[in-house]
Amino acid sequence: MKKTLIALNFPASNGSSILNQVNGVNIFTCKCGKLDLEDTAYLSSGAYENIFGKKRSKVGRCGKLLSVVKIYNPESRLSIYRKYQFNPDFQGINDDMIALHPASIRELVKEDNSEIVGKTVEVSKGNRFCYFWRHPFHATRISMKLGTFSLFLAVISIIVTIIL
């Protein structure tokens, strides 16, 4: 399903929490938690049902903790995986919009990240394995890859032990 991409604005480095406006969407950054949420995609509550096929209230606690969405840019053919987040303090985000951290937007384009803001991207249900494999935080990504490699070596060692 196609959604219009908007960028999250963050307060100035002097710490003043002012109202930021991006494409007509008002975002109070002091109410959206930590500012380093590169692994998060902010969507409306109605978008959850459109993407995952069921209402968020019907999903068990485990599924609510990590609902992964895949965001695909058809122009650059690049995709990212981010966790779904609903924030009722964001005013003006409707079911046709998705808000991303500027660092996440940079991963969706090859050159200038401002060229994609305001355009449509494709959003679908994502894979938890791919989310951790391609996570924006280096430590999480390396831990996942080392764990997978260790599991692969363990399986090979068990097979070699059984054969010999």
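The values are calculated or read from the model by the stated rules, or taken from the named source; none is laboratory data. All values derive from a computational prediction rather than experimental measurement. In this analysis, Cβ positions are derived from the backbone assuming ideal geometry, glycine residues included, and neighbour counts consider all displayed protein chains.
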Task: Unmet criterion (only one of (1) touching a helix residue (DSSP H, G or I) at 6+ places or on another chain (Cβ under 8 Å); (2) part of a helix (DSSP H, G or I); (3) among the aliphatic types (A, V, I, L, M)) for ALA154 - done: (1)
TODO: Find the strands (runs of 3 or more DSSP E) located wholly in region 1-72 whose residues include 2 or more that are modelled with pLDDT of 55 or more, and list them.
DONE: 2-7, 40-42
Open item on the list: Taking the criterion of being free of Cβ contacts under 8 Å to residues at least 24 places away in the same chain, on the phi < 0 side of the Ramachandran plot and touching a Phe, Trp or Tyr at 6+ places or on another chain (Cβ under 6 Å), would at least one residue in region 113-129 satisfy it?
Closed with: no
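Pick from GLU111, GLU122, GLU115: which is among the acidic types (Asp, Glu) and modelled with pLDDT of 80 or more?
Every option except GLU122 fails the conditions.
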Open item on the list: Based on this model, can you work out whether ILE105 counts as within 19 Å of GLU38 (Cα to Cα), at pLDDT 80 or above and part of a helix (DSSP H, G or I)?
Closed with: yes
Task: Per-region count, region 117-133, residues surrounded by 14 or more Cβ atoms within 10 Å (Cβ to Cβ) and over 12 Å from LYS3 (Cβ atoms) - done: 6
